[in-house]
1. Based on this model, can you work out whether HIS233 counts as buried (at least 24 other Cβ atoms within 10 Å of the Cβ), out of contact with any strand residue (DSSP E or B) (no Cβ under 6 Å at 6 or more places or on another chain) and closer than 24 Å to THR285 by Cα?
2. Quick one: is GLN156 within 22 Å of the chain's Cα centre (by Cα), surrounded by fewer than 24 Cβ atoms within 10 Å (Cβ to Cβ) and either acidic (Asp, Glu) or modelled with pLDDT of 95 or more (or both)?
3. Give region 399-413 a look and list any residue that's without any contact (Cβ under 8 Å) to a residue 40 or more places away in the chain and under 14 Å from MET435 (Cα atoms), or say none.
4. Could you give me the residue pairs with C-beta distances under 7 Å whose first residue belongs to region 372-395 and is farther than 23 Å from ASN83 by Cβ, whose second residue is surrounded by 14 or more Cβ atoms within 10 Å (Cβ to Cβ) and of a type in the set (Val, Ile, Thr) wherever it lies, and which are 6+ apart or on separate chains?
5. Just the residues that are without any contact (Cβ under 8 Å) to a residue 60 or more places away in the chain and crowded, with 24+ Cβ neighbours inside 10 Å, please, taken from region 162-176.
6. Which condition does TYR307 not pass, out of (1) over 22 Å from the mean Cα position of the chain (by Cα); (2) under 24 Å from ALA188 (Cβ atoms); (3) surrounded by fewer than 23 Cβ atoms within 10 Å (Cβ to Cβ), if it passes all the others?
7. Kindly provide the set of residues from region 124-143 that are crowded, with 17+ Cβ neighbours inside 10 Å, touching a helix residue (DSSP H, G or I) at 6+ places or on another chain (Cβ under 6 Å) and either more than 20 Å from LEU341 (Cβ to Cβ) or not aliphatic (A, V, I, L, M) (or both), ordered by number.
8. Can you pull out every residue in region 316-370 that is buried (at least 19 other Cβ atoms within 10 Å of the Cβ), in contact with a helix residue (DSSP H, G or I) (Cβ under 7 Å, 6 or more places away or on another chain), farther than 30 Å from ASP437 by Cβ and not hydrophobic (A, V, I, L, M, F, W, C)?
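The values are calculated or read from the model by the stated rules, or taken from the named source; none is laboratory data. Because the structure is predicted, anything quoted here is derived from the model rather than measured. Cβ placement follows ideal geometry from the backbone for every residue including glycine, while neighbour counts extend to all protein chains displayed.
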Amino acid sequence: LCIDLSSPRPAPTHPKPSPHDGLSPAAAAAAATPNSMLLHRPSPKAGPSARVPARAARIRCQAVAAPAAPSPLAAAGERGVYNFAAGPATLPLSVLQRAQAELVDYRGSGMSIMEMSHRGKEFDAAIKKAEADLRALLAVPDTHEVLFLQGGATTQFAAAPLNLCASPADPADFVVSGSWSDKAFKEAKKYSAASVAWSGKAAKYTSLPADFGAMSQNPEARFLHICSNETIHGVEFKDYPEPRNEAGLLVADMSSNFCSKPVDVSRFGLIYAGAQKNVGPSGVTIAIVRKDLVGSAQPITPVMLDYKTHADNASLYNTPPCFAIYICGLVFEDLLAQGGLAEVEKKNQHKAGILYDTIDASAGYFVCPVDKPVRSLMNVPFTLAKGADSEKQFIAEAAKEGMLQLKGHRSVGGVRASIYNAMPLSGVEKLVAFMKDFQARNP
């Protein structure tokens with residue numbers, strides 16, 4: 001808002017022109033709004049009576065903020081849609097609302113956490129709290145480092161062999177149970193003598209080893225790598241194999257079921273996970289690595305892939321993904337408030353049970369190809385017996401009903417419902433009700 005503080009002018013003898021005269025309709029509308037920072041004066045008319053004041057006018061300008069609209073999140077209590085995406089995935093509404101409230105002024109600092117120094121006291125407290133809460137959730141022993149990294153879990157496909165193998169000649173075993181473990185194996189071949197101990201490819205990645213002891217492990221393998229939950233194919237380890245090499249390590253990519261259930265961290269030399277499925281937004285990767293394994297990276301290891309770089313600098317060697325780490329911290333607090341991961345696992349089992357029961361009770365109308373003992377609690381893939389056109393119709397109609405991102409991965413097609421920790425029970429209940437209705441309407 002701008003105010004003319006010049007001395008008053010003689011009252012005009014003709015009707016006062018509108019301050020918006022001569023403006024286009026759009027400009028006139030803009031000038032009439034309470035947020036306008038424009039000063040509009042009528043242009044002097046041509047002729048002898050036109051006169052420009054000798055003294056410059058004194059103008060005082062002040063920004064006027066529009067009244068804040070009420071938050072639709074706070075007003076509705078929910079967002080009106082259910083996001084079944086595989087990642088980035090749905091986050092707890094309470095976490096988003098808290099981040100919203102703190103976004104502009106983080107806890108009285110006068111700054112957003114997105115714009116403050118990662119070496120300042122505010123962010124230092126935030127990252128330390130996030131680590132402490134994660135350690136509490138997973139009962140991470142003091143023998144293990146917790147690192148907040150960048151590059152996604154895919155970067156760890158290289159970082160793991162670079163840090164755990166003394167040279168590219170060191171053998172490493174891989175259980176290839178789906179697309180992600182296959183990619184991890186192929187990347188590791190560049191930095192180790194990687195081999196496949198077991199593959200589910202022949203069965204289209206719908207199963208896991210029935211007998212861990214029967215896997216073809218190399219007794220000299222430095223580590224045995226698994227993907228604990230395959231996001232695309234929907235298979236999940238309910239227990240974990242042991243390396244045949246007594247000095248070998250168990251390594252797990254836990255990206256899509258991280259913090260969905262209790263895990264005995266002490267069994268693993270390395271756990272890594274992209275945060276964007278269960279514990280935060282994309283941009284941060286969490287690694288939990290045994291301390292005695294840090295510091296022996298291959299000489300060719302880039303500095304940012306060396307675990308020692310990050311362990312020695314408390315994950316602050318360079319600017320970390322501050323906002324993503326902050327959100328993870330809020331999610332960890334939320335999981336603790338729910339009673340910890342044992343309680344979270346019960347909720348996940350209940351949600352998945354409802355969905356799988358609906359699929360199995362459909363008399364073959366909906367089909368989940370995954371072996372029942374290893375069905376994922378996080379990612380539920382299924383097809384419709386009537387074929388691809390029916391699946392497209394299903395996905396389109398579900399979207400109109402507020403159930404989004406149900407399309408299966410482009411490599412396998414079909415339908416996939418990702419029901420991570422933050423997916424509320426009401427979302428799964430709405431989905432199964434829609435499935436039953438769709439079947440009834442489209443026999």
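1. Yes, satisfied.
2. no
3. Once the filter is applied, which keeps residues that are without any contact (Cβ under 8 Å) to a residue 40 or more places away in the chain and under 14 Å from MET435 (Cα atoms), region 399-413 yields ALA399, LYS400, GLU401.
4. Close Cβ pairs (under 7 Å, with a partner that is surrounded by 14 or more Cβ atoms within 10 Å (Cβ to Cβ) and of a type in the set (Val, Ile, Thr)) amount to VAL374/VAL235; ALA385/VAL367.
5. ALA172, PHE174
6. Among (1) over 22 Å from the mean Cα position of the chain (by Cα); (2) under 24 Å from ALA188 (Cβ atoms); (3) surrounded by fewer than 23 Cβ atoms within 10 Å (Cβ to Cβ), TYR307 violates only (3).
7. ALA126, ILE127, ASP133
8. Listed by number, the residues that qualify are TYR326, GLY329, ASP334.
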